[in-house]
Amino acid sequence: MARRTKAEAETTRAAILDAAEQLFFQFGVSRTTLEKIAQAANVTRGAIYWHFDNKADVFNAMLERVRLPFQHLLAEVDSNPHVDPFLQVRDLMVNALQMIANSEQLHRVLTIVFHRCEYLDELNPAVNKQDELDAQTIAVMQRAFARAEQAGMLRAGVSPRLAASAFHMYVGGIISSYLLKPQQCDLDQHAAVLIDAMLQGLKQR
């Protein structure tokens, strides 16, 4: 009975997150209330509060469902310090862009983060979590570019920190534009070309 109850609780939690994801995507975060989420998930508000403290908690849990695969990609870069660092950054970002191109859920959640989230005070804990992931991504790439610098591969005058920050902004711009207008390019097919274009400018010639 306890096992069944745990399974039911997980099903309810998933239904709440699915409903929140759809509503955040359709109406934006500020216009989506817990009451609306409860109605869409066919649960009571009490059920939501059993699983989550507030809307920010729901928002963050929704993000966590799609963060894990990317965090695994980041871990691979740090765990293989003897591999060509430019190849590591290339694989990291090509894989990330292709994941976005091929996952409706990831496309939907990132659209919420980039274009449906007004960054209200009530969402600060969730926004801080996203900021942490951005900082982690930059730090991993900075370490990779530091290895490239040590090997004489990084363009003179470009520090590992600047290279990592610039690359992060470049890819963020690609993602933001693609989410608004997916028809601009076939992101799955063109991911490697887009990433290579930036990397070539960072390599020592």
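To keep it simple, each residue is scored yes or no on (1) open to solvent by 60 Å² or more (accessible area, probe 1.4 Å); (2) at pLDDT 95 or above; (3) under 30 Å from PHE52 (Cα atoms); (4) among the small types (Gly, Ala, Ser).
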| position | (1), (2), (3), (4) |
| --- | --- |
| LYS129 | yes, no, yes, no |
| PHE145 | no, yes, no, no |
| ALA163 | no, yes, no, yes |
| ALA166 | no, yes, no, yes |
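Could you identify the single residue in ALA139, ALA41, ALA75 that is buried (at least 16 other Cβ atoms within 10 Å of the Cβ) and either under 27 Å from LEU162 (Cα atoms) or without any contact (Cβ under 8 Å) to a residue 60 or more places away in the chain (or both)?
Values: ALA139 fails: buried (at least 16 other Cβ atoms within 10 Å of the Cβ); ALA75 fails: buried (at least 16 other Cβ atoms within 10 Å of the Cβ).
From the options ALA139, ALA41, ALA75, the qualifying one is ALA41.
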Subset of region 183-205, residues open to solvent by less than 50 Å² (accessible area, probe 1.4 Å) and either part of a strand (DSSP E or B) or farther than 23 Å from ILE138 by Cβ (or both), comes to CYS185
Within region 1-30, how many residues are under 19 Å from LEU179 (Cβ atoms) and open to solvent by 30 Å² or more (accessible area, probe 1.4 Å)?
5
Determine which member of the set ASN60, ASN102, ASN80 is surrounded by 19 or more Cβ atoms within 10 Å (Cβ to Cβ), of a type outside the set (Val, Ile, Thr) and within 30 Å of ALA164 (Cβ to Cβ).
ASN60
Filter the helices (runs of 4 or more DSSP H) completely within region 1-97 down to those with at least 2 residues that are under 16 Å from the mean Cα position of the chain (by Cα).
2-27, 55-79
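The values are calculated or read from the model by the stated rules, or taken from the named source; none is laboratory data. Quick caveat, the model's predicted, so the values are computed rather than measured. Positions of Cβ are backbone-derived with ideal geometry, glycine not excepted, and every protein chain shown enters the neighbour counts. Side chains are part of the model used for accessible areas, which takes the heavy atoms of the whole protein and leaves out ligands, DNA and RNA. Shrake-Rupley method; radii C 1.70, N 1.55, O 1.52, S 1.80 Å.
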